[in-house]
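Student: After the structure tokens below, expect a handful of questions from me.
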Amino acid sequence: MHPALAAALAPLEVQVSLHESQPPNPYHGYIQALQFQPAGFTHALVVQDDVLVCRNFAAAVTCIAEAKPNVPVVLFLGGLPKTTAADSLKAGKRGAHYVRLRMREFCPVIAVLWPVAKAQEFLDWVATHPKIPGYPNPRSDDAVVGKWTISTRQEVLVTIPSLVQHPDTVVSIIGKRAKWGADKGRVALTWIGDADPLEIDWS
């Protein structure tokens, strides 16, 4: 599904990271994607290919990277993890455009904007902490990134609203059936839709 997404991400530079294993392993695929860090870039956006992005997405992501240069920013939040989702709804009612990912919860990684330095910190951490969630055969990218945030007390921000939608229309890598929006944990809690993200003050 990546050709349509790559076109929607323009004019961002896109590197397609294809990973295959038996059994399929989202965690190994995520690590492979995150390791692509060309020289001269401050941030890496790692995004699944079965998503939709909002209009003016590239410009909005650039604004967020400039406003929050040292913090990983989650661009998609579903109904899970529950506490962060509840915090997001409350913060949105106050007019906030970010909420902190709660400690002790997994980190949704459908679309994350990583400062390159933080991405490298995460890669170094997993290389030196073999007993990560799922050990000895970790498969959950969400769980491993979440464990890193907890173990290292990382600040991770979540945008309000989500700039990425996961419509859940295809079978997942680990074989979960598509629910087409019926599973609220797998679709955006607050999706920006047709609204313009450039009208939001991301500072």
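The values are calculated or read from the model by the stated rules, or taken from the named source; none is laboratory data. Computed from a predicted structure; not experimentally measured. With ideal geometry, Cβ positions are generated from the backbone for all residues, glycine too; neighbour counts draw on all protein chains shown.
Student: If I ask for residues that are aliphatic (A, V, I, L, M) and outside any loop (DSSP other than H, G, I, E, B), which ones from the stretch 57-82 would you list?
Tutor: Residues satisfying the conditions are ALA58, ALA59, ALA60, VAL61, ILE64, ALA65, ALA67, VAL73, VAL74.
Student: State the number of residues belonging to the stretch 22-40 that are surrounded by 13 or more Cβ atoms within 10 Å (Cβ to Cβ), farther than 16 Å from LEU123 by Cβ and modelled with pLDDT under 90.
Tutor: 1
Student: I'm trying to understand the selection: among the residues of the stretch 101-113, which are surrounded by 22 or more Cβ atoms within 10 Å (Cβ to Cβ) and not small (Gly, Ala, Ser)?
Tutor: Filtering the stretch 101-113 for residues surrounded by 22 or more Cβ atoms within 10 Å (Cβ to Cβ) gives 101, 107-113.
Result: LEU101, CYS107, PRO108, VAL109, ILE110, VAL112, LEU113.
Student: Hey, can you tell me all the residues within the stretch 98-116 that are in a loop (DSSP other than H, G, I, E, B), within 23 Å of VAL47 (Cβ to Cβ) and either among the aromatic types (Phe, Trp, Tyr) or in contact with a helix residue (DSSP H, G or I) (Cβ under 8 Å, 6 or more places away or on another chain) (or both)?
Tutor: Hits for the stretch 98-116 are LEU101, ARG102, GLU105, PHE106, CYS107, PRO108, VAL109.
Student: Is it the case, given these coordinates, that TRP202 is assigned to a helix (DSSP H, G or I) and either touching a residue at least 40 places away in the same chain (Cβ under 8 Å) or out of contact with any Pro (no Cβ under 6 Å at 6 or more places or on another chain) (or both)? Before the answer, list the steps.
Tutor: Working: assigned to a helix (DSSP H, G or I): no; either touching a residue at least 40 places away in the same chain (Cβ under 8 Å) or out of contact with any Pro (no Cβ under 6 Å at 6 or more places or on another chain) (or both): yes.
No: the conditions fail for TRP202.
Student: Quick check on my filter: what residues within the stretch 108-154 are at pLDDT 95 or above and of a type in the set (D, E, K, R)?
Tutor: Passing the criteria: LYS118, GLU121, ASP124, ASP141, ASP142, LYS147, ARG153.
Student: For residues in the stretch 171-198 being among the aliphatic types (A, V, I, L, M), out of contact with any Leu (no Cβ under 9 Å at 6 or more places or on another chain) and modelled with pLDDT of 80 or more, which is nearest to GLY29 (Cα to Cα)?
Tutor: Result: VAL187.
Student: Still on this structure, please answer the following. Every residue in the stretch 147-164 that is within 19 Å of HIS28 (Cβ to Cβ) and either part of a strand (DSSP E or B) or out of contact with any Pro (no Cβ under 8 Å at 6 or more places or on another chain) (or both), please.
Tutor: Correct list: TRP148 only.
Student: Next question, about the same structure. Of LYS131, LYS90, which residue is farther than 12 Å from VAL145 by Cα, assigned to a loop (DSSP other than H, G, I, E, B) and of a type outside the set (Ser, Thr, Tyr)?
Tutor: On the way: LYS90 fails: assigned to a loop (DSSP other than H, G, I, E, B).
The match here is LYS131.
Student: Would you be able to say whether some residue in the stretch 41-56 is assigned to a helix (DSSP H, G or I) and either of a type outside the set (D, E, K, R) or surrounded by fewer than 18 Cβ atoms within 10 Å (Cβ to Cβ) (or both)?
Tutor: no
Student: Then there is this: So which of LYS118, LYS147, LYS184 ends up being surrounded by 13 or more Cβ atoms within 10 Å (Cβ to Cβ), without any contact (Cβ under 8 Å) to a residue 60 or more places away in the chain, within 23 Å of ASP87 (Cα to Cα) and out of contact with any Cys (no Cβ under 8 Å at 6 or more places or on another chain)? Break it down stepwise before answering.
Tutor: On the way: LYS118 fails: within 23 Å of ASP87 (Cα to Cα); LYS184 fails: without any contact (Cβ under 8 Å) to a residue 60 or more places away in the chain.
Being surrounded by 13 or more Cβ atoms within 10 Å (Cβ to Cβ), without any contact (Cβ under 8 Å) to a residue 60 or more places away in the chain, within 23 Å of ASP87 (Cα to Cα) and out of contact with any Cys (no Cβ under 8 Å at 6 or more places or on another chain) holds for just one of LYS118, LYS147, LYS184, which is LYS147.
Student: Residue pairs, Cβ under 6 Å, 6 or more apart or interchain, first in the stretch 88-108 and among the acidic types (Asp, Glu), second crowded, with 17+ Cβ neighbours inside 10 Å. List them.
Tutor: GLU105/PRO81; GLU105/THR84
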